[in-house]
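Heads up, the thing below is written out as structure tokens.
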Ligand SMILES: Cc1cc2nc3c(=O)[nH]c(=O)nc-3n(C[C@H](O)[C@H](O)[C@H](O)COP(=O)(O)O)c2cc1C
């Protein structure tokens with residue numbers, strides 16, 4: 001990111017998030033290109049400030065049959081079913097990223113707090129910089145949002161993981177609830193080092209010719225531009241209630257969206273669908289736009305604008 005610093009007169013894009021140093025506030029969101037060391041390396045080379053892996057569980061799973069991902073009017077619908085090689089195999093990919101130069105955040109899931117802690121422990125031992133708990137996948141029974149919609153379970157899960165790893169723990173929250181602030185408070189009270197908001201929103205599409213739901217799982221999660229205003233509202237409300245850092249996610253397609261999330265209270269942002277829509281150049285283009293914006297507005301660093309939309 002040296003070019004940006006020179007171009008816009010010492011604008012500092014770096015972020016310190018729960019003790020992790022990121023050269024800029026952009027991160028790859030979980031589930032997008034995050035299953036192999038090789039693709040995560042390409043994301044780092046493209047200018048991301050950190051990467052989050054695809055969610056990994058204790059045992060290997062092949063996920064749901066196709067169709068698992070479809071494009072809709074203003075985003076993607078997916079119900080992939082958490083396909084993954086299992087943590088015992090995935091540790092090889094984590095170890096291969098030791099020299100990546102940016103934080104590697106391993107997203108984990110389990111079917112009980114104890115299982116989350118077991119997977120997280122193996123990921124941390126393999127060299128993960130931090131753990132992101134998938135408390136929010138909207139389409140797999142017994143994990144993700146089924147645990148993450150219940151504040152008591154969120155608290156128990158975060159506590160179990162904090163008890164088993166010494167790396168920072170992020171809780172990724174579900175918007176499929178009437179009270180995301182309550183979930184954030186539960187995570188923060190259990191010692192989460194940051195919360196990520198949000199995962200996808202339960203949604204579906206129907207093929208009018210065959211009269212059938214299009215996704216094999218019928219219901220999936222909506223991502224992309226359609227969910228940005230919802231995600232932004234979640235970040236804004238969480239910022240007013242908890243003091244842990246927030247990682248904004250949901251429909252960020254360019255630098256303006258990223259700035260909105262930071263003004264709402266996010267210390268960093270995750271990019272998912274935009275990578276699928278437009279490729280890896282999104283990271284550089286957000287960072288360039290952000291640096292230019294900060295310079296134009298007379299700021300010198302990202303941290304100066306975090307939560308600025310709350311100032312009376
Ligand atoms: C195909 C696909 C797979 C995903 N897999 C995961 C996953 O394994 N774990 C997770 O926490 N989120 C997963 N997500 C959710 C994203 O990380 C992100 O929270 C969501 O897509 C909203 O961000 P976006 O609008 O920038 O895509 C997935 C999203 C998509 C589209």
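Where a number appears in this text, it was derived from the coordinates with a stated rule and is not lab data. Not measured: the values here are computed from a predicted model. No Cβ is skipped: glycine too gets one built from the backbone with ideal geometry, and neighbour counts run over all protein chains shown.
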Using per-residue counts of other Cβ atoms within 10 Å, averaged over each peptide, order 151-157, 249-255 from highest down. 249-255, 151-157
Please give the FRET efficiency for residue 305 paired with residue 207, using the beta carbon to beta carbon distance and R0 = 25 Å, rounded to the nearest 0.05. 0.05
Sorted from largest down, what three extents in whole angstroms do the Cα atoms of the chain have along their principal axes? 53, 49, 41
Tell me the mean residue ellipticity at 222 nm calculated for the chain from its helices only (DSSP H runs of n ≥ 4, each -39500 (n - 2.57), averaged over every residue, nearest 500). -10500 deg cm²/dmol
Residue 66 to residue 112: extension gain in nm, 0.36 nm per residue of separation minus the Cα-Cα distance? 13.8 nm
So what's the gap between the Cα centers of region 239-294 and region 108-171, to the nearest angstrom? 24
Scoring region 138-251 by relative contact order with C-alpha pairs under 8 Å, at least six apart, yields a percentage of 27
How many percent of DSSP beta bridges within the chain run antiparallel, rounded to 5? 35
Taking Cα pairs under 8 Å and at least six residues apart, what relative contact order does the chain come out at, in percent? 19
What residue among 16, 296, 59 shows peak mean-square fluctuation when the chain is described by a Gaussian network model with Cα springs under 10 Å? 296
Percent of beta bridges antiparallel (DSSP, region 171-312, rounded to nearest 5): 35
Sorted by Cβ density within 10 Å, fewest first, the residues 88, 139: 88, 139
Can you tell me which of 242, 52, 108 moves the most in a GNM of the chain? Springs connect C-alpha atoms under 10 Å apart. 242
Length-normalised contact order of region 112-185, Cα under 8 Å, at least 6 apart, in percent, tallies to 39
